[in-house]
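Following: one structure in structure tokens, then a few remarks.
The values are calculated or read from the model by the stated rules, or taken from the named source; none is laboratory data. Predicted model, so just to flag it, every value in this text is computed and none were measured. Every residue, glycine among them, receives a Cβ derived from its backbone with ideal geometry; neighbour counts consider all protein chains shown. Calculation scope for accessible area: heavy atoms of the full protein, side chains included, ligands and nucleic acids excluded. Shrake-Rupley method; radii C 1.70, N 1.55, O 1.52, S 1.80 Å.
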Amino acid sequence: MNKFTVIVPTRERADTLFHTLRTCVAQDYENFTILVSDNCSTDNTEEVVRSFNDKRIRYIKTPGRLSMSANWDFALDHVTDGYVNYIGDDDGIIYNSLTLINQMLAEYPVDAITSKDMAIYFWPDYVEDEIKGNLMISLRPTFKLMDTQAYFKKSFDACNCVHLPQLYHGYVNVEKLRQLKGNSRTFFNGSSPDIYSGVVLGHALKNHIFSDYPLTIHGLSHHSIGSSNAFSHIKKNPSEKFWSENTISFHEKLEKHSSIILIYADAFLLARNYFKDMPEVDIKNVIKLALDDSDGFENITKRDSLIEVLSGIAAKNNLENYFRDILAKKSPVKKQAVPRSGYGFNPINEMMTVNTTDIGLKNVYDAFEFCKNTLPIKAYSQYDRPLNEPILEYFKRGIMMLSKKIVKS
């Protein structure tokens, strides 16, 4: 039986942390630790953690206020063996997922497994009105062995995540992390620890498991830094706090910005300081990708700020003429607002979207209970999935009753 440690870095988010921990203590897997790394909170975080009175929970507190990456390193130093996973303090763990992961690793004994974005829950207080309260969940009960190097190349070329192995919403062998850390005092050497670690693991591993069956719930609340970055014109406080406390500078070839393309490019560039065989980043490609990504920004101010940053990056790298040429060819196309989905099932990717506010879900633990009663009870290697398993079997554990309730409302 593999040992699993779920790390929950947190700071002054006791309101959502309480529900995250509820999903953790609901697990019935034996060899399991929940490590809460409190980044010097001044609210009732410690009180909330200790209120569970669960021997599987370890509470640690940083000696002073740290950056996110430093807090993640602080927590990692408290894990000695087994597989480790990081989730946010508004995220959750899928019921029985640890048992399923143990079975998956028995079939494919690899160093990393992930199911990132197979279950996404938008809390009712999420910053974007159109999708707040939505739960997107994969009902495909399969997992597969991935050629990590092939997907690393795709991610590198796109300056984005294309099925990379993950520490955030994934499980990684602690011994492998220790090897990758080498003589460095820290493992998370990028401004965004989740992205940086995915880049390093993608570069280092030969294979990893990707599970279509959700293993965690990616929660997005009013606290979420990524959402604040994306919608800074709506709510910028979490993003501002993150960047003000960040102690790792963007690479000298780039300039700081919340663009996901630039954050990935920064991670690839910074990783070369520790892994000399990391491929060289083409700044021309980075600029083009980031500019392409900005085409559909609904907020003009956000697009203009990125163009200004890209102009500065071009100047740093003697690419002013190149940037002017590609900018002149661009004509922004306004994105259509994402419709708020009441209910829907896509039989192609087997993803279901539910408007959970219609059925009274208020937090990630409620989403956890919904998933518990919705997901199939087994996961199969993609080649072993029964061919005669009808799609309605996915709904047999209560989803039909819930869907009828949603349709009536």
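Test residue 155 against the stated conditions and say whether it is at pLDDT below 95, open to solvent by less than 10 Å² (accessible area, probe 1.4 Å) and not hydrophobic (A, V, I, L, M, F, W, C).
Details: at pLDDT below 95: no; open to solvent by less than 10 Å² (accessible area, probe 1.4 Å): yes; not hydrophobic (A, V, I, L, M, F, W, C): yes.
For residue 155, the condition - at pLDDT below 95, open to solvent by less than 10 Å² (accessible area, probe 1.4 Å) and not hydrophobic (A, V, I, L, M, F, W, C) - is not met.
Can you tell me how many residues in region 83-112 are among the hydroxyl-bearing types (Ser, Thr, Tyr) and in contact with an Asp or Glu (Cβ under 9 Å, 6 or more places away or on another chain)? Talk me through it step by step, then tell me what you get.
Let us first name the residues in region 83-112 that are among the hydroxyl-bearing types (Ser, Thr, Tyr), namely 83, 86, 95, 97, 99, 108.
From the residues that got through so far, the ones that are in contact with an Asp or Glu (Cβ under 9 Å, 6 or more places away or on another chain) too are 83, 86, 95, 99.
Number satisfying all stated conditions: 4.
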Give the number of residues within region 185-195 that are closer than 18 Å to residue 262 by Cβ, of a type outside the set (D, E, K, R) and open to solvent by 10 Å² or more (accessible area, probe 1.4 Å). 3
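Is it the case that region 54-61 has a residue that's open to solvent by less than 10 Å² (accessible area, probe 1.4 Å) and among the hydrophobic types (A, V, I, L, M, F, W, C)?
Taking region 54-61 and keeping what is open to solvent by less than 10 Å² (accessible area, probe 1.4 Å), we get none.
Checked region 54-61: no residue is open to solvent by less than 10 Å² (accessible area, probe 1.4 Å) and among the hydrophobic types (A, V, I, L, M, F, W, C).
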Among the candidates 127, 110, residue that is over 18 Å from the mean Cα position of the chain (by Cα) and assigned to a loop (DSSP other than H, G, I, E, B): 110
Any pair with Cβ under 7 angstrom, 6 or more apart, that starts in region 8-29 at a residue that is without any contact (Cβ under 8 Å) to a residue 60 or more places away in the chain and ends at one that is of a type in the set (Phe, Trp, Tyr): 21/52; 25/52
Kindly list the number of the only condition in (1) more than 30 Å from residue 279 (Cα to Cα); (2) assigned to a strand (DSSP E or B) that fails for residue 144. (1)
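For the condition small (Gly, Ala, Ser) and surrounded by fewer than 21 Cβ atoms within 10 Å (Cβ to Cβ), what is the one hit in 182, 198, 202? So that I can check it myself, show each step before the final result.
Working: 198 fails: surrounded by fewer than 21 Cβ atoms within 10 Å (Cβ to Cβ); 202 fails: surrounded by fewer than 21 Cβ atoms within 10 Å (Cβ to Cβ).
Step by step, each of 182, 198, 202 is checked, and only 182 is small (Gly, Ala, Ser) and surrounded by fewer than 21 Cβ atoms within 10 Å (Cβ to Cβ).
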What number of residues within region 362-384 are touching a helix residue (DSSP H, G or I) at 6+ places or on another chain (Cβ under 6 Å) and more than 23 Å from residue 146 (Cα to Cα)? 5
